[in-house]
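Each value in this text was obtained by applying a stated rule to the coordinates, not by laboratory testing. Just so we're clear, the structure is a prediction, and the values are computed from it rather than from any experiment. Here the Cβ positions follow ideal geometry from the backbone for every residue, glycine too, while neighbour counts run over all protein chains shown.
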Amino acid sequence: MDKSKRPFRKSKQRPFHKSKRSFRRRLPPIQPGDRIDYRNISLLCRFISDQGKILSRRRNKVTLKQQRLITIAIKQARILSLLPFINTATGVKIKKLTARARKKVKSYEKKEKSTVRDDNK
């Protein structure tokens, strides 16, 4: 049989062949030195949406254990009025803290700095 009259044959390809693309490894959102605590508002704000909802684990790219700790910390911060339960359209921003919350955050930061200094000595 002539080559010209043979039926069309596809080239041999593996059905589940993945391309060998290089990928950039992403840095974890929580560094090893970061503490997941209800007083660490700057860390917790990264895991809350604009509406005030806790973001999913897939979106945060954190482990299951970290997500559980984040959820507990956010709920504690909400109960102690460090974070709002709902971010309404009238302007309650997560970044702006109440006077009581600012005081607690400052005391927490001072404790963190003193423990870091003690560890370095």
Practice prompt. Quick one: which residues, 5 or more positions from residue 52 or on another chain, have an amide H under 5 Å from its amide H? H modelled 1.01 Å from N in the peptide plane, none for Pro or chain starts.
Written response: 87
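Between residue 24 and residue 64, take the C-beta separation as r, use R0 = 25 Å, and let me know the FRET efficiency to the nearest 0.05.
Working from the Cβ atoms, E equals 0.60.
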Item to complete: Along Cα→Cβ, 7 Å out, is where each label goes; now give me the distance between the ones at residue 34 and residue 102 in nm to one decimal.
Response: 2.5 nm
